[in-house]
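S.K.: To start, I am sharing the structure in question, which I have written as structure tokens.
The values are calculated or read from the model by the stated rules, or taken from the named source; none is laboratory data. None of these values were measured; they are calculated from a predicted model. Every residue, glycine as well, gets a Cβ built from its backbone with ideal geometry; the counts of neighbours run over all protein chains shown.
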Amino acid sequence: MTKQRKMGFFVLTALVIGNMVGSGIFMLPRQMAEVASPLATLLAWIFTGAGVLMIALVFGNLAVKRPDLTSGAQSHAYAFFNRPKAKQIAGFIAVWSYWVANWAGNVSLITSFAGYLSVFFPILNSRDSFVKIGGFTITEGQALTFAVCTVLLWGIAFIISKGVSGAGKINLLATIAKVGGFFLFIIIAVFSFQSAKMGAFYHPVYNSAGLKEGLLSQVNSAAIVTLWAFIGIESALMFSGRAKSGKTVQAATITGLVVAVMLYSLISILALGLIPKEKLIGSASPLADALNSVIGSGGSAVMAVLALICLFGSAIGWVMMSAEAPYQAAKKGIFLPFLNKVNKNGTPIRSLVLTCLASQFFICSTLSGDIAVAYDFVVKVSTLAFLIQYFISPIFQLKLVVTGSTYESSKPIKRVVDGIIAILALGYSLWIMKSGTENLTIFLLSAGLFLVGFLLYPLMKKQPVLPKE
């Protein structure tokens, strides 16, 4: 087996930025304009950025304090308990929920890639009949989209199979390109910004029921939108087992967050000064329309290329992370032992193949509009699984602070500060979990998703043991 290369600061930072700044950034201006005034948008970014910063600080601190826990919140859930049975169940369910959430997340990026590819290949949107099976019709566009998504998924799997470090470098190049592209958009927007198009810095908005919402309600609604933009903040932590050090993970997590917040907040606000709010709200491609208003019809093509680069890099990062999480957990005895296998390039090949097979199932949603609607709902359900990660780790850090474990040689003030950060992160996590479970149906289906994991639990080995500190 070839020696595995350690992942450095820039590769890990690219993973954090690349996994957070995905397809969502292309729709954020429209979503924010729909629910909030510019003032509420700015406040939402400040509050959300502060909350996610607390979570990022927790992730970074735990990477340094407990470098032996190399599978993120999953291993934090395992290490939280003392009894072997409780440890195994907690770790297993945390890994399962995160893994399942990634299946749909991967496909959302891949299908978005196919969507932006249609700018250059309109046949992907063709509604001409391709094949009929009974009363079921597959159009040419659906068939080609299915083929494109399938080739992209397994092409990414092939790249990753050649080595996680190499795939991470490709993600790094894609991240550099898209960050550069977004900063170019920001520069153009700054010089083309017209405050008259933005309207009043603060104004009331009306919800779907026609009721007027004030500043606090707007901030709350906007903050819920911004929540989804930060899924992926745990990326560097998930690869801590391949990182050069815990401090590298810590630095990459914080740096990635700062860059993402700058991009999100600036693009969301500056877009308001490029096109009227009414047009922005009704836009299916707000950034393309915003750029069109400045540089003409070529804006759509420019944004489509940027989107393709962005989505390709994000897809590589997410598929990598989807395979890495269960593999690292299996190494520690937390998850299915069958997945503790790497190829000669150090890639968790079994975990990678199973991840792609599961994602391939969701790609079938591209063959039917009805299935696609169901798939969209599944994505919403599975998103709750991501939120569990942001709840587990602050609790684990709080336990370390209370018990004093890992703080024997630290100054008392360090322990106090870490405790405050953990409490703030926990409070924010509880708030976003409440926001995500307001829909009872989604909450119940999410609970069912977690329960499915218990069907696989009997396949686990008994009483696995993590390496000692």
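S.K.: Show the residue pairs that are 6+ apart or on different chains and have beta-carbon atoms under 8 Å apart, the first residue being within segment 393-404 and on the phi < 0 side of the Ramachandran plot, the second being exposed (fewer than 15 other Cβ atoms within 10 Å of the Cβ) and not hydrophobic (A, V, I, L, M, F, W, C).
M.R.: LYS399/SER405
S.K.: Before we move on, is LEU211 crowded, with 24+ Cβ neighbours inside 10 Å and either over 17 Å from the mean Cα position of the chain (by Cα) or free of Cβ contacts under 8 Å to residues at least 40 places away in the same chain (or both)?
M.R.: On the way: crowded, with 24+ Cβ neighbours inside 10 Å: no; either over 17 Å from the mean Cα position of the chain (by Cα) or free of Cβ contacts under 8 Å to residues at least 40 places away in the same chain (or both): yes.
Here the answer is no, as LEU211 does not meet what is asked.
S.K.: Could you check segment 340-360 and list, in sequence order, the residues that are among the aliphatic types (A, V, I, L, M), surrounded by fewer than 23 Cβ atoms within 10 Å (Cβ to Cβ) and assigned to a helix (DSSP H, G or I)?
M.R.: The first filter runs over segment 340-360 and keeps only residues among the aliphatic types (A, V, I, L, M), leaving 342, 349, 352-354, 357-358.
Checking the rest, the ones that are also surrounded by fewer than 23 Cβ atoms within 10 Å (Cβ to Cβ) come to 342, 349, 353-354, 357-358.
Answer for segment 340-360, where residues must be among the aliphatic types (A, V, I, L, M), surrounded by fewer than 23 Cβ atoms within 10 Å (Cβ to Cβ) and assigned to a helix (DSSP H, G or I): ILE349, VAL353, LEU354, LEU357, ALA358.
S.K.: I'd like to verify a number: residues in segment 151-201 that are in contact with a strand residue (DSSP E or B) (Cβ under 9 Å, 6 or more places away or on another chain) and surrounded by 19 or more Cβ atoms within 10 Å (Cβ to Cβ), how many?
M.R.: So in segment 151-201, the residues in contact with a strand residue (DSSP E or B) (Cβ under 9 Å, 6 or more places away or on another chain) come out as 164-165, 168.
Remaining after also requiring surrounded by 19 or more Cβ atoms within 10 Å (Cβ to Cβ): 164, 168.
Number of matching residues: 2.
S.K.: Let me ask something additional. Condition check: of a type in the set (Ser, Thr, Tyr), in contact (Cβ under 8 Å) with a residue 60 or more places away in the chain and within 17 Å of GLN389 (Cβ to Cβ). Does THR226 satisfy that?
M.R.: no
S.K.: With the condition being at pLDDT 85 or above and buried (at least 22 other Cβ atoms within 10 Å of the Cβ), I'd like the helices (runs of 4 or more DSSP H) fully within segment 1-83 carrying at least 3 qualifying residues. Before the answer, list the steps.
M.R.: Numbers: elements: 9-20, 28-35, 38-65, 73-80.
Correct list: 9-20, 38-65, 73-80.
S.K.: Scan segment 171-193 and tell me whether some residue there is touching a residue at least 24 places away in the same chain (Cβ under 8 Å) and in contact with a Pro (Cβ under 9 Å, 6 or more places away or on another chain).
M.R.: No, because not a single residue in segment 171-193 is touching a residue at least 24 places away in the same chain (Cβ under 8 Å) and in contact with a Pro (Cβ under 9 Å, 6 or more places away or on another chain).
S.K.: Another question about this same structure. For segment 115-137, state whether one or more residues are surrounded by 18 or more Cβ atoms within 10 Å (Cβ to Cβ) and modelled with pLDDT of 90 or more.
M.R.: No.
S.K.: Could you tell me which of the residues VAL294, VAL261 is under 26 Å from PHE191 (Cβ atoms), modelled with pLDDT under 80 and out of contact with any Cys (no Cβ under 9 Å at 6 or more places or on another chain)?
M.R.: Answer to the check: VAL294.
S.K.: Right, something else. When you scan segment 25-34, do you find a residue that is over 20 Å from ALA189 (Cβ atoms) and touching a residue at least 60 places away in the same chain (Cβ under 8 Å), even just one?
M.R.: Within segment 25-34, the first condition is being over 20 Å from ALA189 (Cβ atoms), and the residues that meet it are none.
Within segment 25-34, not a single residue is over 20 Å from ALA189 (Cβ atoms) and touching a residue at least 60 places away in the same chain (Cβ under 8 Å).
Rundown of residues vs (1) out of contact with any His (no Cβ under 7 Å at 6 or more places or on another chain); (2) assigned to a loop (DSSP other than H, G, I, E, B); (3) at pLDDT 70 or above, yes/no style:
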| site | (1), (2), (3) |
| --- | --- |
| LEU400 | yes, no, yes |
| THR406 | yes, yes, yes |
| GLY419 | yes, no, yes |
| LEU430 | yes, no, yes |
| ILE442 | yes, no, no |
| SER446 | yes, no, no |
| PRO458 | yes, no, yes |
| GLN463 | yes, yes, no |
| LEU466 | yes, yes, no |
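S.K.: Would you mind stating whether VAL95 is touching a residue at least 24 places away in the same chain (Cβ under 8 Å), surrounded by fewer than 20 Cβ atoms within 10 Å (Cβ to Cβ) and either in contact with a Phe, Trp or Tyr (Cβ under 7 Å, 6 or more places away or on another chain) or outside any loop (DSSP other than H, G, I, E, B) (or both)?
M.R.: On the way: touching a residue at least 24 places away in the same chain (Cβ under 8 Å): yes; surrounded by fewer than 20 Cβ atoms within 10 Å (Cβ to Cβ): no; either in contact with a Phe, Trp or Tyr (Cβ under 7 Å, 6 or more places away or on another chain) or outside any loop (DSSP other than H, G, I, E, B) (or both): yes.
For VAL95, the condition - touching a residue at least 24 places away in the same chain (Cβ under 8 Å), surrounded by fewer than 20 Cβ atoms within 10 Å (Cβ to Cβ) and either in contact with a Phe, Trp or Tyr (Cβ under 7 Å, 6 or more places away or on another chain) or outside any loop (DSSP other than H, G, I, E, B) (or both) - is not met.
S.K.: Inspect segment 365-374 for any residue being closer than 16 Å to PHE146 by Cα, small (Gly, Ala, Ser) and either surrounded by 18 or more Cβ atoms within 10 Å (Cβ to Cβ) or modelled with pLDDT of 85 or more (or both) and give the result as yes or no.
M.R.: So far as segment 365-374 goes, yes, one or more of its residues are closer than 16 Å to PHE146 by Cα, small (Gly, Ala, Ser) and either surrounded by 18 or more Cβ atoms within 10 Å (Cβ to Cβ) or modelled with pLDDT of 85 or more (or both).
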